[in-house]
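Right, one structure below, let's go through it.
Just so you know, all these numbers are worked out from the coordinates, no wet-lab data involved. If you're wondering where the values come from, they're calculated on a predicted model, not measured in any experiment. Every residue, glycine among them, receives a Cβ derived from its backbone with ideal geometry; neighbour counts consider all protein chains shown.
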Amino acid sequence: MALMLVPLGNAAYVKITQPFNTTVYSSNSVVYLGKDGPGQTFYVTISAATTNSSGALNPLGWNKLVATGLPAGWIAQNSSLYNPTLSVKITPSASAANGTYRFNITAVNIGNYSKLGALSFVAEVNVTPDVFKLGVSPGTAYVTTGQPTSIYVSINNTGVSDSLFLISLSGLPAYNITQSVIALHHTTETFTYPVTLSEPGVYKVNINVRSVASALISKQTNVTIVTEATLLNDYKAIGSGITAFPIIYEPIYAVMYLISLVFH
């Protein structure tokens, strides 16, 4: 949330568009950007447009956006020049401890060509691994052996970073599929995670989601997977096994196996 003061003697302002929309009218105002995980890159973007001292709109009034006074271990890449929008790319230290951090962001009119000078504000970021909420459905999935099914993974990204996450499953032998997804900041998105099992049974597994930026940014939840064989799959199994029933039923088994071949 921005603390915005409107000075009477200066008509210039900075219109922030990312990670959310707000306008800064006064230098040294404090703008709380939101939550970010350690090592998660985020952007602060402004519009180049502003007004001059007479109140006239200047579409390219701000020519550059600069971050200074960053905490130790943080990295910033300042904006390019003379674009309609200007973005600073900021990456906190991957080892940043939980807490609130401050640094300065300055919108610059290069050479003071438009007589705007510069407008600087204090950006505030809360570093915490708790930057997303996880939802999974269904809680119990019923799967047919050999057939893919879908588990739906919902990521509510409450942070300021458009983060790359990894979705994986643990608790199933020899099943190690990892899916990478991008969850945009301040949005909730649902992703499909495929599961295919060949053996019937009831499996208690974990769906794991973590940010690529840091293993600290992770959550997991339990899912039960019930795998059931179909009649057709049972027929197919006859062709690769030895029946344990009396020999009088063997012609029936042969017919069952032929049916499985026809419907393969």
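In sequence order, what are the phi-derived ³J(HN,Hα) couplings for region 138-151 according to the Karplus relation 6.51 cos²θ - 1.76 cosθ + 1.60 with θ = phi - 60°, rounded to whole Hz, with x for glycine and proline?
3J(HN,Hα) across region 138-151, in whole Hz: x, x, 10, 10, 9, 10, 8, 4, x, 10, x, 10, 10, 10.
When ranked by the protection proxy of mean other Cβ atoms within 10 Å per residue, highest first, what sequence do the peptides 78-87, 196-205, 162-171 form?
Working: 78-87: 15.7, 196-205: 14.1, 162-171: 18.1.
Going from most to least packed, we get 162-171, 78-87, 196-205.
Can you tell me the FRET efficiency between residue 72 and residue 168 if r is taken as the Cβ-Cβ distance and R0 is 30 Å, rounded to the nearest 0.05? The partial results should precede the final answer.
Numbers: r = 33 Å, r/R0 = 1.09.
With R0 = 30 Å, the Cβ-Cβ based efficiency is 0.35.
For the peptides 63-70, 178-185, what is the packing order when you average, over each peptide's residues, the other Cβ atoms within 10 Å and list the highest mean first?
Result, highest mean Cβ count within 10 Å first: 63-70, 178-185.
Starting from 0.36 nm per residue, how many nanometres of slack lie between residue 115 and residue 94 once their C-alpha separation is accounted for? Don't skip to the answer; put the middle values down first.
On the way: separation 21, 0.36 × 21 = 7.56 nm, distance 3.97 nm.
Full extension from residue 115 to residue 94 adds 3.6 nm.
Of the listed peptides 50-59, 136-145, 36-45, what is their order by residue-averaged count of other C-beta atoms within 10 Å, with the highest listed first? Numbers along the way, then the final one.
On the way: 50-59: 12.6, 136-145: 15.1, 36-45: 22.0.
Ranking, from highest mean packing down: 36-45, 136-145, 50-59.
For region 201-211, what does the Karplus curve 6.51 cos²θ - 1.76 cosθ + 1.60, with θ = phi - 60°, yield as ³J(HN,Hα) per residue in whole Hz, taken in order and with x for Gly and Pro?
3J(HN,Hα) across region 201-211, in whole Hz: x, 10, 10, 9, 10, 10, 8, 10, 10, 9, 7.
Along region 154-163, what does the Karplus equation 6.51 cos²θ - 1.76 cosθ + 1.60 (θ = phi - 60°) give for ³J(HN,Hα), rounded to whole Hz, x for Gly and Pro?
9, 10, 9, 7, 8, x, 9, 9, 7, 9
What net charge is computed for the residues neighbouring residue 86, neighbours being all others with C-beta under 15 Å from the C-beta of residue 86, Lys and Arg scored +1, Asp and Glu -1? Walk me through the intermediate numbers first.
Working: positive: 15, 64, 89; negative: none.
Every neighbour counted, the sum reads +3.
May I ask you to derive the FRET efficiency for residue 220 and residue 20 from their Cβ-Cβ distance with R0 = 22 Å, giving the value to the nearest 0.05? Kindly include the intermediate steps, with their values, before the conclusion.
Details: r = 29 Å, r/R0 = 1.33.
Between residue 220 and residue 20 the formula returns 0.15.
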